[in-house]
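The values are calculated or read from the model by the stated rules, or taken from the named source; none is laboratory data. Since this is a predicted model, take the numbers as computed values, not measurements. The accessibility values were calculated without ligands, DNA or RNA, using every heavy atom of the protein model including side chains. Shrake-Rupley method; radii C 1.70, N 1.55, O 1.52, S 1.80 Å.
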Amino acid sequence: MLLISIRVLYAFVCAGAIATYVSSNPPSPVDQYPLISFVLLMIFTQGVTCMDLLISRKRIEVMSAIYFGLLVGVLLSYLLIQALTPVISKTPWGEGVVMITTLTLPYLCISFLLQTKDDFRFIVPYVEFARELKGGRPLVLDSSALIDGRIADVVETKILDSEMVVPDFILKEVQDIADSSDKVRRVRGRRGLDILSTLQNNPIVDISMYDAKESDKEKGLTVDQRLVVAAKKLGGKVVTNDFNLNKVASVQGVDVINLNDVANSLKPRYLPGEHIQLKIIKEGESQAQGVGYLDDGTMVVCEQANHLVGRDVDAVVTSVLQSSAGRMIFGRVTDSRQL
């Protein structure tokens, strides 16, 4: 709305200034064809507005940007007029050049500052236009971080005050997983959607969706590659527990917060001696082992459980293996009737 008001005001100012110039101009081609001159000058000045509209839409900015844009624009127009004065002072169109310069340069400076101040630091003593983000650099969430679920627990500790961003293609990937015909994948996908909903409903979390328009250069890229590109555009960090994405992002100079690395530095969720319930999905690689998964996708290897495939069991944790590639829990079945 602010930019629209400025554009309308600019059109009225141009019309008034041009009408005054045409009506009071000494004998010249402008005086001979006042209507044509008025129309042509209006088309020229409003062509600047049309060029501005062709630029992708930006956020509405604050009045301070208008003030400094006007200040810089007037200063630039004054310097340009001073430089051109020896050339245009004795020509019949000298006043027209002065008028056009005075009108267009302030408008362009205001529009530039309003639309690019998030990416451009314009510093006048003690005044700075910086990114309007809560806290530090934004955190770009990967699908694995949503499905894992621990990100919701981390934000509850209030140690994160950065804006969280979920690209639209990540949301689509989680939805596709939730619609999978495989039961395990379907449960994980729905868990990811639930975690996203929890984050959105949490008043202490600043989370937003990012509409990542796919350019010609990005066609054919994988989801991980597009995520790295999005993080570069936003100047943010990738939050994931995908070991391969961690490596890809690091190679391309994008900072990564690996939830598995964070977990390594904190107390594990499961300690030896704790009881967990799970369903044995398949036989393990070693003899007599059975493999099951927790809701967050953590693999649990149970000893002497290969004959319990398809059954729910109660197991006790014997050890936990945590690395950047993920977490693996080892346990044994506690119910003697199931052995």
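Results, tabulated for the structure shown:
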| item | result |
| --- | --- |
| Subset of LYS172/LYS237; LYS172/LYS282; LYS172/LYS232; LYS219/LYS279 violating a 31 Å alpha-carbon distance limit | LYS219/LYS279 |
| For segment 133-202, average projected area of the Cα convex hull in nm² | 4.5 nm² |
| Tail fraction, Cα-Cα pairs, segment 226-270, threshold 18 Å, whole percent | 29 percent |
| Portion, in percent, of the accessible area of segment 162-263 that falls on carbon or sulfur, probe 1.4 Å | 47 percent |
| Rounded D (µm²/s) - segment 234-312, Kirkwood Rh over Cα pairs, Stokes-Einstein at 10 °C, 1.306 mPa s | 106 µm²/s |
| Coordinate range along principal axes, alpha carbons of segment 133-284, Å, largest first | 49, 36, 32 |
